[in-house]
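A.B. asks: Structure provided below as structure tokens; questions to follow.
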Amino acid sequence: MPDRWDWTAATTYEFRTRRIRARFRYRFVRELFDVTMGQGIDFLEKRGGEIDQVFGSDPRRTQNLTTITGVFQKAAAADVRCLSELMDQVRTRESAAAFIERVGLAIDDLKATLVEIDYYMLPTQKTMRLLIPKSDMARNAFINKLVEQGAGNNLALLEAARTAADRAELARKTGIPDGGLLDLVHRADMGRQHCMARMVADHYDAGYDTMATYRAVTPEQARAAGIDLGRVLYARTRPAVLQDVPELPMPELTQREAKPRRAGCGNGCMPCTGPWGCALEKCVRRNRVPNCAHCSAFPCGAYGGDRETARLEDVRAGLAPEQIVAMKPLRPIRPAFVPFPVDIELPPADEHALRHVHSLLVAARQMVAGNSYAHRLRMDFTRRHVFDVLWCLAHHGEFVAEPTPHLYLRKGNCRRDGQRMPDPHAQVFEQLSLPGVTVEEKQPPGKARRRVDDDECRLFLSATAGGGDALRMLRRFGDALCQRHGEPEWKGQCRWKGDAFQRFVAADVSCVTGAKAKPGGTT
């Protein structure tokens, strides 16, 4: 389990602070984004106000912004002048522990502030190749020349080509045409928003080729054009970086009464902000309780946030017995799967291995029932996640015999075929506790870690689960399904369309044995 200071095992406290501080080495970041604590509070008010006006008010987002505002106020009282000085104070967890003790902060409040700074207040650094389609050979050739000049990421390119004179000098050094260089600079500018790398090319082709075009549209126009509204609001609230480029007038937002969002699960957690179909919200609405603390099944294991769990425990301690509502009973689960065929036309060794494969899929199909509705919903998503990983390994995996037999797969092998392999891999298998199954996830070190295509997955089966013979048979099973029923189509979010994947989930191994499925199909 990650340390209380860390977000995940991959995103440690030092990893995030190092990523934030690295951006201050660029001059334009220090000039435009290294704001004072008071300016940071003004930014939070402006961003929160426009989001509420466009999307509707949300008490959880308001609570989060209030928490961050309080951190900035306490930092200002401790003579911290700007964001870079704040990051110097909390550079390591040891220095951060001394800082929060001195100013009177909670660890979770500091972590929420670092997330805000990392994702929203500072521009995000991305390699330029993420902003260009892989098939665009001409622009990728231009990027090779930029890499030679030390401008291979979007922030470095903005630093080197912020003004017209800088762009002319860079074009002279690289030999890139002025129009081609300006095109890349605009893409670099558009790519500074968090989690928008893949959309840059799509929006660019739709006519939104500069940050100015985002500032010049209204939310209604953006909706009609299919443009993400968060993109428009980001452009409106963040400073313009490029100089000597034409700007367009920014329209005023229509003053209207924003429709409040649904109350959600009432637990005060931030990840479910918005209509994402949160499992906790569905469970709370089903049991007709204000939040999880009022449910008789609390704590049920469906929630893992330390700060919110502690808050709910305090709420539960103050409730009278009559305020605790009995959880509605859950319906029994009857997982459907195809039984192992009776008429088998395989050698005994292959039949034994295929039985292990069938048992593995049936065990994954018979997921943990869960002790609450929210827990069941999350375990159902975990089960779909596991089948997605197993399918990718069965269809694309490479069998490795030494030193320990396992199936090996890089995510890039799936991506080249127009399919996706989800991540993380290891944690979801641990949640289902499949007997004899071990999954290892390996990420490349250093800068290559940012390329998710390089993630590696290894599937091991113990001797009691079939070992190497079962792994070979799993691979053979995936190929046989595609040969008989065609390639399934990846639809996103662990969803596949096609008869091959549906039969894989149902553990229908008849395509390997040559036997027909039992009439009725499932049991």
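The values are calculated or read from the model by the stated rules, or taken from the named source; none is laboratory data. Here the structure is a predicted model, which is why all the values come from computation and not from measurement. So basically every Cβ, Gly included, is an ideal-geometry build from the backbone, and we count neighbours across all protein chains shown.
A.B. asks: Specify the residue that is nearest to Ile68 (Cα to Cα); the eligible residues are those in region 28-57 that are in a loop (DSSP other than H, G, I, E, B) and touching a residue at least 60 places away in the same chain (Cβ under 8 Å).
C.D. replies: Ranking the qualifying residues of region 28-57, first place goes to Val35.
A.B. asks: So is Ala97 over 24 Å from Tyr234 (Cβ atoms) and not assigned by TED's automatic domain parsing to the domain that holds Arg223 or not?
C.D. replies: Yes.
A.B. asks: Please find, among Glu281, Glu220, the residue that is over 18 Å from Arg378 (Cβ atoms) and either at pLDDT below 80 or surrounded by fewer than 20 Cβ atoms within 10 Å (Cβ to Cβ) (or both).
C.D. replies: Glu220
A.B. asks: Then there's this: Considering only region 82-170, give the helices (runs of 4 or more DSSP H) lying wholly within it that have at least 1 residues that are surrounded by fewer than 19 Cβ atoms within 10 Å (Cβ to Cβ) and either at pLDDT below 90 or polar (S, T, N, Q) (or both).
C.D. replies: Where helices (runs of 4 or more DSSP H) fall fully within region 82-170 and carry at least 1 residues being surrounded by fewer than 19 Cβ atoms within 10 Å (Cβ to Cβ) and either at pLDDT below 90 or polar (S, T, N, Q) (or both), they are 83-89, 93-103, 107-116, 137-148.
A.B. asks: Ok, one more. With Leu432, Leu481, Leu471 as the choices, which residue is at pLDDT 65 or above and surrounded by fewer than 19 Cβ atoms within 10 Å (Cβ to Cβ)?
C.D. replies: Leu432 is the lone residue from the list that is at pLDDT 65 or above and surrounded by fewer than 19 Cβ atoms within 10 Å (Cβ to Cβ).
A.B. asks: Filter region 435-453 down to the residues that are modelled with pLDDT of 55 or more and within 30 Å of Lys126 (Cβ to Cβ), then identify the one that is surrounded by the fewest Cβ atoms within 10 Å (Cβ to Cβ).
C.D. replies: Looking at residues that are modelled with pLDDT of 55 or more and within 30 Å of Lys126 (Cβ to Cβ), I get Pro444.
A.B. asks: From Arg60, Arg25, grab the single residue that is touching a residue at least 40 places away in the same chain (Cβ under 8 Å) and basic (Lys, Arg).
C.D. replies: None of the other options fit; the residue is Arg60.
A.B. asks: Search region 330-349 for residues being aliphatic (A, V, I, L, M) and part of a loop (DSSP other than H, G, I, E, B), and hand back the single one that is nearest to Met379 (Cα to Cα).
C.D. replies: For region 330-349, the residue satisfying everything is Ile333.
A.B. asks: Any residue in region 494-511 that is among the hydrophobic types (A, V, I, L, M, F, W, C), modelled with pLDDT of 80 or more, more than 19 Å from Ala336 (Cβ to Cβ) and assigned by TED's automatic domain parsing to the domain that holds Arg384?
C.D. replies: There is no residue in region 494-511 that is among the hydrophobic types (A, V, I, L, M, F, W, C), modelled with pLDDT of 80 or more, more than 19 Å from Ala336 (Cβ to Cβ) and assigned by TED's automatic domain parsing to the domain that holds Arg384.
A.B. asks: With the condition kept exactly as written, say whether any residue in region 128-144 is within 27 Å of Thr69 (Cβ to Cβ) and aliphatic (A, V, I, L, M).
C.D. replies: Within region 128-144, not a single residue is within 27 Å of Thr69 (Cβ to Cβ) and aliphatic (A, V, I, L, M).
A.B. asks: Is it the case that some residue within region 388-404 is under 18 Å from the mean Cα position of the chain (by Cα), closer than 16 Å to Glu489 by Cβ and modelled with pLDDT of 75 or more?
C.D. replies: yes
A.B. asks: Which pairs do you get when a residue that is among the β-branched types (Val, Ile, Thr), found in region 79-108, comes within reach of a residue that is modelled with pLDDT of 90 or more, reach meaning Cβ atoms under 6 angstrom, with the pair 6+ apart or on two chains?
C.D. replies: As it stands, the answer is Val80/Leu86; Val90/Ala96; Val90/Phe99; Ile100/Leu110; Val103/Lys74; Val103/Ala78, since those pairs meet every condition given.
A.B. asks: How many residues are over 16 Å from Gly70 (Cα atoms) and not aliphatic (A, V, I, L, M) when one looks only at region 91-107?
C.D. replies: Going through region 91-107 one residue at a time, the tally reaches 5.
A.B. asks: Further question: If you take the residues in region 405-416 that are at pLDDT below 65 and farther than 20 Å from Arg384 by Cβ, which one is surrounded by the fewest Cβ atoms within 10 Å (Cβ to Cβ)?
C.D. replies: Going through the qualifying residues, I end up with Arg416.
A.B. asks: Okay, next question. Is one or more of the residues making up region 22-40 modelled with pLDDT of 90 or more, more than 22 Å from Val103 (Cβ to Cβ) and of a type in the set (Ser, Thr, Tyr)?
C.D. replies: Yes, because at least one residue in region 22-40 is modelled with pLDDT of 90 or more, more than 22 Å from Val103 (Cβ to Cβ) and of a type in the set (Ser, Thr, Tyr).
A.B. asks: Just to be sure I understand, how many residues within region 284-318 are part of a loop (DSSP other than H, G, I, E, B), surrounded by 15 or more Cβ atoms within 10 Å (Cβ to Cβ) and at pLDDT 70 or above?
C.D. replies: Count: 7.
A.B. asks: A further question on this structure: Look at region 181-209 and say how many of its residues are buried (at least 20 other Cβ atoms within 10 Å of the Cβ), assigned to a loop (DSSP other than H, G, I, E, B) and in contact (Cβ under 8 Å) with a residue 60 or more places away in the chain.
C.D. replies: The qualifying residues number 3.
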